[in-house]
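Have a look at the structure below before the remarks.
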Amino acid sequence: MTHTDPKLSVIVVCLNHPRVRVRCLEALTAQTKSSDVEILAVGRRLGDPDNSRLRERFSKVHWIDAPKEDTVPLMRTRGIAASCGAIIALLEDDCVVTDGWCQGVIAAHRTEHVAIGGAIEPSADYKLIDWAIYFCEYARFMAPFAGVVSALPGNNVSYKRVIVSDVKESDGLYDVFFHWQLQQSGKILVADPRLIVYNANHWSRAHVTASPFHHGRAFAGMRAKYFSRAKRIVYAGLALGLVVVKVARVARQVMSRKTYVKEFFLSLPWTTLFMLSWSCGEFLGYLFGAGDSAARWQ
């Protein structure tokens with residue numbers, strides 16, 4: 001193996017402030033002493049002065065400045081296209097990998113499985129709004145998370161390169177739909193209990209209002225791209241009734257693990273607002289398409 005032929009390419013999609021990014025890159029670069037692993041950081045405005053110190057500090061990271069209109073799925077495929085590894089791993093810059101994570105990914109892919117992910121655990125210094133967003137985004141990926149699963153997170157997941165080579169660059173790699181396609185083709189999704197990352201973010205109120213709205217609209221717009229008009233209307237109607245269902249689903253996931261129960265109930269108002277924002281986005285997405293929401297998803 002040489003530095004141009006790594007076993008693992010870790011693509012970090014950068015969506016957050018550089019101070020969040022530092023923890024992510026520190027944890028990763030500590031595990032890349034050998035030539036087995038390369039790190040690629042992809043994001044908008046990475047050439048700005050705020051990020052210049054990070055470029056100097058993490059000089060071995062391959063920095064890719066994406067156009068401002070790039071969506072998260074497009075940034076992923078931009079990183080994949082620039083990478084060299086036989087295994088592709090996707091993270092976001094608020095994810096802090098645990099010790100041995102990189103070698104754990106490599107070891108996990110010595111099996112025949114093509115899509116392998118892991119748990120996302122909360123930070124120790126969350127506020128209530130952070131807990132709410134964590135539950136809404138990651139409750140189903142909390143530890144214990146192992147074996148054959150129905151879904152994997154888009155920010156702690158890895159693939160054998162052969163299966164991502166056909167992803168259309170025009171759409172990017174949208175994990176929900178990509179994983180569904182893999183399952184439809186007979187592949188299974190596997191969670192490895194060794195591959196844990198910690199979410200190290202603190203969110204603003206916009207992340208329970210605007211962000212889930214745009215994410216929900218982008219999701220519905222892509223999902224309904226080939227729906228008939230009548231089917232769009234039906235799904236739009238259902239979307240408005242999903243708030244209670246979504247909150248109940250999160251509650252069930254938390255209760256089944258018997259962990260962070262107090263935090264769930266204390267943050268429940270924020271969780272409900274998040275799900276309401278998402279459902280409104282889905283409603284508009286089914287009726288009128290994604291609009292520019294995919295580019296505004298953070």
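The values are calculated or read from the model by the stated rules, or taken from the named source; none is laboratory data. Computed from a prediction, not measured in an experiment: that's the story for all the values here. Positions of Cβ are backbone-derived with ideal geometry, glycine not excepted, and every protein chain shown enters the neighbour counts.
Observations, loosely collected:
- Neighbours by Cβ (under 9 Å, 6+ apart or cross-chain): first from segment 186-198, within 13 Å of SER150 (Cα to Cα) and touching a residue at least 24 places away in the same chain (Cβ under 8 Å); second outside any loop (DSSP other than H, G, I, E, B) and of a type in the set (S, T, N, Q): LYS187/GLN181; LEU189/GLN183
- Residues that are touching an Asp or Glu at 6+ places or on another chain (Cβ under 8 Å) and touching a residue at least 40 places away in the same chain (Cβ under 8 Å) were ranked within segment 32-56; the one that is nearest to ASP99 (Cα to Cα) is THR32.
- Matching entry among ARG53, ARG21, ARG78, ARG45 (being of a type in the set (D, E, K, R), closer than 11 Å to ASP93 by Cα and either buried (at least 19 other Cβ atoms within 10 Å of the Cβ) or at pLDDT below 90 (or both)): ARG21
- Residue within segment 66-83 that is under 20 Å from ASN201 (Cα atoms), of a type outside the set (Ser, Thr, Tyr) and without any contact (Cβ under 8 Å) to a residue 12 or more places away in the chain present: no
- Odd one out for SER279, checked against (1) in contact with a Lys or Arg (Cβ under 9 Å, 6 or more places away or on another chain); (2) farther than 22 Å from PHE141 by Cα; (3) among the hydroxyl-bearing types (Ser, Thr, Tyr): (2)
- Restricting segment 191-214 to residues that are touching a strand residue (DSSP E or B) at 6+ places or on another chain (Cβ under 7 Å) and in a loop (DSSP other than H, G, I, E, B), the residue that is farthest from LYS127 (Cα to Cα): ASP192
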